Amino acid sequence: MELAFRFLALAIVHTLSLISPGPDFVLVTRNSVLFSSRIGVWTALGVTSGNAIHILYAVFLTSLLGAQNERVLHILQLLGALYLAWLGVRCLISKPKELYTDEAQRKYGRITHWGAFRSGFLSTLLNAKAAIYFMSVSLQFIMPSQSMLLNAAFFMEFILISGIWFVSLALSSGSRVLKQMLHSNLLLIDRAMGIALLVFAIFMMREFILGIV
């Protein structure tokens, strides 16, 4: 039951974080609208690959530190939980967002599939906030003390959720209904994400406290 809860918690937190508009959201949407759904899909695949790199080096760092000092790993997990709590508070007090930026409305020249993939990949890979987010979340699920199979399952859940969301976004970005629905519910999405992050962070801090008592 606890394992099922962890998979569900990851699905909820990560899905809400993806739905809340950010640089990757805008880039995938822009490329889909200005060029084509196919270009949007290649952009989405680039974003997802960037996500995978963030998770992989977070796993590597976790394994390295965990092997040397388990206490250091616990401290990193606590810091990750505190960061998620801070994100949650920001989502709860944030002002309504705009779905598109001025940049997303400009006209661009032709772009290749590789160019679209590269833009999505670099957008995520060079995003410091994305790096901190993935480090914070992955530390709560992918641990050296777990079996390799379980860690691989959490890793695949991260990637599948990211891939499914961004590819779906690319394919449906031309839908006026979707745009209107997202635009009218952006504040609600942010509030839901804030609550989910706070609940998750509190749960992880409780686990940390119980582990050191």
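Which of the residues spanning region 119-147 are polar (S, T, N, Q) and either closer than 15 Å to Leu3 by Cα or in a helix (DSSP H, G or I) (or both)? Ser119, Ser123, Thr124, Ser136, Ser138, Gln140, Ser145, Gln146, Ser147 - these are the residues of region 119-147 that are polar (S, T, N, Q) and either closer than 15 Å to Leu3 by Cα or in a helix (DSSP H, G or I) (or both).
Considering only region 159-173, I want to know if a residue exists there that is touching a residue at least 60 places away in the same chain (Cβ under 8 Å), surrounded by 15 or more Cβ atoms within 10 Å (Cβ to Cβ) and either in contact with a Pro (Cβ under 8 Å, 6 or more places away or on another chain) or outside any helix (DSSP H, G or I) (or both). Yes, because at least one residue in region 159-173 is touching a residue at least 60 places away in the same chain (Cβ under 8 Å), surrounded by 15 or more Cβ atoms within 10 Å (Cβ to Cβ) and either in contact with a Pro (Cβ under 8 Å, 6 or more places away or on another chain) or outside any helix (DSSP H, G or I) (or both).
If I filter region 161-205 down to residues being of a type in the set (S, T, N, Q) and over 18 Å from the mean Cα position of the chain (by Cα), which single residue comes out as modelled with the lowest pLDDT? Before the answer, list the steps.
First, the residues of region 161-205 that are of a type in the set (S, T, N, Q): 162, 168, 172-173, 175, 180, 184-185.
Among the residues that remain, those that are also over 18 Å from the mean Cα position of the chain (by Cα) are: 172-173, 175, 180, 184-185.
Working: Ser172: 84, Ser173: 72, Ser175: 63, Gln180: 66, Ser184: 66, Asn185: 68.
Here the answer is Ser175.
The values are calculated or read from the model by the stated rules, or taken from the named source; none is laboratory data. Please read all numbers here as calculations on a predicted model, not as lab measurements. Cβ: placed from backbone, ideal geometry, glycine included. Neighbour counts: every protein chain shown.
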